[in-house]
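> The structure under discussion is supplied below as structure tokens; questions concerning it will follow.
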Amino acid sequence: MLVLTAVGALGALTLMLAAVLSLADRLLYVPEDPRIDDVEDLLPHVNCGACGYPGCRPFAEALVAGEALPGKCTVSSAEGHARIAAYLGVDVGAEEKRVARLACAGGTNVARNHARYDGLQTCAAAAKVAGGPKACYWGCLGMADCFESCDFDAIVMNEHSLPVVNENKCTACGDCVRACPKDLFELHPVSRRLWVNCKSLDAGDEILADCEVACTACGRCAMDAQGGLITMVRNLPVVDYSKPHQTRKPIERCPTGAIVWIDEIEGVVKGPAAKKVIRRGALQDAAS
């Protein structure tokens, strides 16, 4: 009898709570603007977060609320921006496309390993063992964590186990930035074509025994850059993008090609003083 009483009381309490929740739902319900669904349908549905919102739905809500403009979606096309702007009766707005950039050129044909690594074949795992097998502590480990993390096919691994970013496909979602244990990826506006393609903090020509394309901290780029565009910080050139940087002058005398120009058509362009890399095979490891 006590069991039946308890079950009955619990059932009554459940029904009462359900009734209260139902009433609260009716009283507190805020009708959703039907335009949100329409705007969401006009977005690319990639949920990459490049607009600064966690997905296309929250961005659509922000657009309808007047908190953002269509141009903030750098993944959509100009036509897509125009359709949303016309539908909402707002300006298109503008937001420069951002892309992921890799600060390393040390593929297997120019950079050596100083140890043999037989563990789990991921950069994250290898980096936990004394920083990884690469002789350059700061260099790309080449095990494709960034490639695996990219949902937009914007990264491919080249023949030398080095990631290559396709600017047209990159959405600046930041997954590769988070995946790289060496912090070699950064997100930058596409207009930033002058790029330091190395993160080594060592100095001197001795480091070329480990990586033939490493920055030796010679400082030529900083000397050639005008107006303090480039300064040397901890043996590495740092570009001040707040200053005029649409110039290839700083790359011209770089002896290793550690500072480059990333051309929209030609890809990575080195200066004329950089030693040509013609080796197709892998360098012999220092551990061999």
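The values are calculated or read from the model by the stated rules, or taken from the named source; none is laboratory data. Computed from a predicted structure; not experimentally measured. Virtual Cβ from ideal backbone geometry, glycine too; neighbours counted across all protein chains shown.
> Report yes if some residue within region 134-153 is in contact with a strand residue (DSSP E or B) (Cβ under 9 Å, 6 or more places away or on another chain) and under 13 Å from V99 (Cα atoms); otherwise report no.
Yes.
> Additional query: Restricting to region 203-220, and then to whatever is among the acidic types (D, E) and over 28 Å from the mean Cα position of the chain (by Cα), can you tell me which residue is surrounded by the most Cβ atoms within 10 Å (Cβ to Cβ)?
Only one residue tops the list, namely D205.
> Within region 132-152, work out how many residues are assigned to a loop (DSSP other than H, G, I, E, B), modelled with pLDDT of 95 or more and either surrounded by fewer than 19 Cβ atoms within 10 Å (Cβ to Cβ) or among the aliphatic types (A, V, I, L, M) (or both). Step through it out loud before you land on a result.
Taking region 132-152 as the starting set, the residues that turn out to be assigned to a loop (DSSP other than H, G, I, E, B) are 132-133, 135-144, 150-152.
When the remaining residues are screened for being modelled with pLDDT of 95 or more, the result is 132-133, 135-144, 150.
From what is left, the residues that are either surrounded by fewer than 19 Cβ atoms within 10 Å (Cβ to Cβ) or among the aliphatic types (A, V, I, L, M) (or both) are 135, 137, 141, 143-144.
So the count comes out to 5.
> Determine, yes or no, whether H45 is assigned to a loop (DSSP other than H, G, I, E, B) and not aliphatic (A, V, I, L, M). Talk me through it step by step, then tell me what you get.
Numbers: assigned to a loop (DSSP other than H, G, I, E, B): yes; not aliphatic (A, V, I, L, M): yes.
Taking the combined requirement at face value, the residue satisfies it.
> Taking the criterion of being in contact (Cβ under 8 Å) with a residue 12 or more places away in the chain, under 30 Å from V129 (Cα atoms) and not hydroxyl-bearing (S, T, Y), would at least one residue in region 186-194 satisfy it?
yes
> With respect to I259, determine if the residue is loosely packed, with under 13 Cβ neighbours inside 10 Å and closer than 30 Å to Y117 by Cβ. Walk me through how you get there before you give the answer.
Numbers: loosely packed, with under 13 Cβ neighbours inside 10 Å: no; closer than 30 Å to Y117 by Cβ: yes.
No, not satisfied.
> Could you please find all residues in region 93-111 being out of contact with any Pro (no Cβ under 7 Å at 6 or more places or on another chain) and at pLDDT 95 or above?
Answer for region 93-111, where residues must be out of contact with any Pro (no Cβ under 7 Å at 6 or more places or on another chain) and at pLDDT 95 or above: V99, A100, R101, A103, C104, A105, G106, G107, T108, N109, V110, A111.
> Let me ask you something else. Looking at (1) within 29 Å of L229 (Cα to Cα); (2) acidic (D, E); (3) at pLDDT 95 or above, which one does E159 not meet, given that it meets all the others?
So the condition that E159 fails would be (1).
> Then there is this: Being outside any helix (DSSP H, G or I) and either among the hydroxyl-bearing types (S, T, Y) or modelled with pLDDT of 90 or more (or both) is the filter here; which residues of region 55-78 pass it? Please lay out each step first, then the result.
Here is the first cut: in region 55-78, the ones outside any helix (DSSP H, G or I) are 55, 65-69, 73-77.
Listed by number, the residues that qualify are G55, A65, G66, E67, A68, L69, C73, T74, S76, S77.
> Could you run through region 99-131 and say how many residues are touching a helix residue (DSSP H, G or I) at 6+ places or on another chain (Cβ under 6 Å), closer than 29 Å to G267 by Cα and assigned to a loop (DSSP other than H, G, I, E, B)?
1
> Write out, first by first residue and then by second, each pair whose Cβ atoms fall under 7 Å of each other, whose residues are 6+ apart or on separate chains, and whose first residue, in region 268-287, is outside the structural domain of N113 (by TED's automatic domain parsing) while the second is loosely packed, with under 13 Cβ neighbours inside 10 Å and part of a loop (DSSP other than H, G, I, E, B).
Going by the 7 Å Cβ cut-off, the qualifying pairs are A287/R116.
> Looking only at region 95-118, which residues are without any contact (Cβ under 8 Å) to a residue 24 or more places away in the chain and exposed (fewer than 15 other Cβ atoms within 10 Å of the Cβ)? Full working, then the answer.
First pass over region 95-118, keeping only residues without any contact (Cβ under 8 Å) to a residue 24 or more places away in the chain: 117-118.
The answer is D118, and nothing else.
> Identify, from the list E61, E67, E79, the residue that is farther than 22 Å from D153 by Cα and either of a type in the set (A, V, I, L, M, F, W, C) or surrounded by 15 or more Cβ atoms within 10 Å (Cβ to Cβ) (or both). Quick ask: steps written out before the conclusion?
Details: E67 fails: either of a type in the set (A, V, I, L, M, F, W, C) or surrounded by 15 or more Cβ atoms within 10 Å (Cβ to Cβ) (or both); E79 fails: either of a type in the set (A, V, I, L, M, F, W, C) or surrounded by 15 or more Cβ atoms within 10 Å (Cβ to Cβ) (or both).
Exactly one residue qualifies, and that residue is E61.
> For the condition in contact (Cβ under 8 Å) with a residue 24 or more places away in the chain, more than 27 Å from N158 (Cβ to Cβ) and not β-branched (V, I, T), what is the one hit in K199, K249?
Of K199, K249, the one residue that is in contact (Cβ under 8 Å) with a residue 24 or more places away in the chain, more than 27 Å from N158 (Cβ to Cβ) and not β-branched (V, I, T) is K249.
> Looking for whichever is closer than 22 Å to E266 by Cβ and assigned by TED's automatic domain parsing to the domain that holds A135 here; the options are C221, C211. Which one fits?
C221
> Any residue in region 231-244 that is over 11 Å from V196 (Cβ atoms) sitting within a Cβ distance under 7 Å of a residue that is among the charged types (D, E, K, R) and surrounded by 10 or more Cβ atoms within 10 Å (Cβ to Cβ)? List the pairs, counting only those 6 or more apart or interchain.
Taking only residues 6 or more apart or on different chains, the pairs are N235/D202; Y241/R192.
> So if I check each of L162, L187, which one is of a type in the set (A, V, I, L, M), touching a helix residue (DSSP H, G or I) at 6+ places or on another chain (Cβ under 8 Å) and closer than 19 Å to G139 by Cα?
L187
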